[in-house]
1. Run down 81, 55, 114, 129 and say which single residue is surrounded by 13 or more Cβ atoms within 10 Å (Cβ to Cβ), charged (D, E, K, R) and either at pLDDT 90 or above or out of contact with any Ser or Thr (no Cβ under 6 Å at 6 or more places or on another chain) (or both).
2. Scanning segment 91-111 for residues that are under 13 Å from residue 33 (Cβ atoms) and out of contact with any Leu (no Cβ under 6 Å at 6 or more places or on another chain), which turns out most open to solvent (accessible area, probe 1.4 Å)?
3. Residue 9 fails exactly one of the following numbered conditions: (1) at pLDDT below 90; (2) touching a Leu at 6+ places or on another chain (Cβ under 6 Å); (3) among the small types (Gly, Ala, Ser). What is the number of that condition?
Amino acid sequence: MKTLAPKQSPVKLLTEEFWSKNEILNQPAKIEHSVNIIDKNGNYKIQVNAPGFKKEDFKIRVENGVLKIQAYTTDNKEEIKKNYVRKEFLTSSLARNFRLPEGIDVSNIKARYKNGRLYIKMGKANTVKQTNKKVKVQ
């Protein structure tokens with residue numbers, strides 16, 4: 001005859017589940033920053049899904065014909081509570097590079113960040129001038 005394990009208290013079950021080796025829970029969150037690129041009315045528009053950042057977190061530049069988008073943030077909130085059983089610090093980063101097509105007016109690239117999305121607008125130029133440039137996020 002099979003014997004049943006003694007009944008465990010709900011608190012003990014919760015604690016054991018919390019500390020278990022659940023591979024899904026123990027992996028850091030990976031966020032894919034998806035991108036839409038639109039060609040409309042003589043402009044390229046790039047939309048980057050980037051929740052959790054502030055506009056100050058972004059560094060956008062053009063180097064040797066490549067648009068480089070980078071962002072990094074960390075949650076530095078101090079909490080006075082003690083006796084943490086588990087506390088995970090929030091850090092997030094984004095890095096995307098795009099080879100620009102010929103004929104981009106690099107001197108007039110605009111960027112803004114709103115509601116978790118980065119918007120970049122680039123006009124097509126009549127003459128090709130490849131220069132390096134830093135882009136300020138509005």
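The values are calculated or read from the model by the stated rules, or taken from the named source; none is laboratory data. Please read all numbers here as calculations on a predicted model, not as lab measurements. Using ideal geometry, Cβ is built from the backbone for each residue, glycine included, and neighbour counts are taken over all protein chains shown. Just so you know, the surface numbers come from the protein's heavy atoms only, side chains and all, with ligands and any DNA or RNA stripped out. Shrake-Rupley method; radii C 1.70, N 1.55, O 1.52, S 1.80 Å.
1. 55
2. 97
3. Answer for residue 9: the failing condition is (2).
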